[in-house]
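Okay, so here's the structure we're looking at.
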Amino acid sequence: FGPGGADAAGEPVLAGCSGRDAGRSAFVKRPPLTYRRRAFLWRDQPHPFAQRSLPPSDGSGFVSRSLAAGTLHALVADHVVQGRVIFPGAGYLEMARAAVGAMALRGVYFLLPLAVEALGLMVECAISDGRFEVRSRDDGAFTDATVHCSGATAAADTLQRIDQTLLRTPSRMVDVDALYNGFSAVGLQYGPDYRTLVQAWAGTGNALGRLYARSTHEGTQVHPADLDDALCMSAAIAASGEGGETRLPFAVDGALLQGASGQLWAVRALQSLHHN
């Protein structure tokens, strides 16, 4: 830039192009932009309890398999029994549901506790001839697997609704903190993620609990912590005067697991209420 003389009014001016003009000139010299349309396949994250699917060695049915470390362990880490991380019974049901899809589960038995702390441990659900088994084995080992849960599959039933007022009106509120403290006293040291009960009511043979609204199901359709606390409603009845001891499930006659959003309620009702 340099002196450029004066304008008509006698004011000095500078000769040359301004920074704005230079930028415009550089922009014009650039090659035009081109766009390409590309498609990417959408891939969901694998279920934490069914990370891989493969045929069994005998060629019948199929097996879904997961490494106990990582996402599976993180999902059950707060389910502690006698100081050890134990895979919850509710987790077996969700694992079987993930393997078989929209089917009902029948005659489910919890046979042997599964501690998920060992390095290299694999947990698998084998489906064959209308039955399932949840087993564990060391990764890469050729030894027989240990069976922890077994049951059958069947066509899904229609869900039945229960009026909450039938259960809450004749019941009394249960101290949820005292309920969890009672669990801890008998060796069920639930961590924060497995303390989902917000309110609970218990009466003669019936119990009702409200669970906090979950923001994420962490890859599951029915989070094992929610279902585990639903099963714990039987202990609320014991706390109301039926027995005074903690009751742990060892079998489930039938289960139909379906996901739900928003507020969850856990109901333990006498069979007669299902037909009203």
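Assorted remarks:
- Applying the set (1) among the polar types (S, T, N, Q); (2) open to solvent by less than 70 Å² (accessible area, probe 1.4 Å); (3) at pLDDT below 75 to Ser64 leaves exactly one unmet item: (3).
- Of all residues in the stretch 81-114, those being surrounded by fewer than 20 Cβ atoms within 10 Å (Cβ to Cβ) and in contact with a helix residue (DSSP H, G or I) (Cβ under 7 Å, 6 or more places away or on another chain) number 1.
- Under the condition of being aliphatic (A, V, I, L, M) and assigned to a loop (DSSP other than H, G, I, E, B), the residues counted in the stretch 98-157 number 12.
- Qualifying residue in the stretch 115-137 (condition: in contact with a helix residue (DSSP H, G or I) (Cβ under 6 Å, 6 or more places away or on another chain), among the hydroxyl-bearing types (Ser, Thr, Tyr), farther than 22 Å from Glu218 by Cβ and surrounded by fewer than 22 Cβ atoms within 10 Å (Cβ to Cβ)): no
- Single condition Tyr194 does not satisfy, out of (1) open to solvent by 20 Å² or more (accessible area, probe 1.4 Å); (2) at pLDDT 90 or above; (3) closer than 24 Å to Leu93 by Cα: (1)
The values are calculated or read from the model by the stated rules, or taken from the named source; none is laboratory data. These numbers were taken from a predicted model, which means no experiment stands behind them. Virtual Cβ from ideal backbone geometry, glycine too; neighbours counted across all protein chains shown. Ligands, DNA and RNA are excluded from the accessible area calculation, which covers all protein heavy atoms including side chains. Shrake-Rupley method; radii C 1.70, N 1.55, O 1.52, S 1.80 Å.
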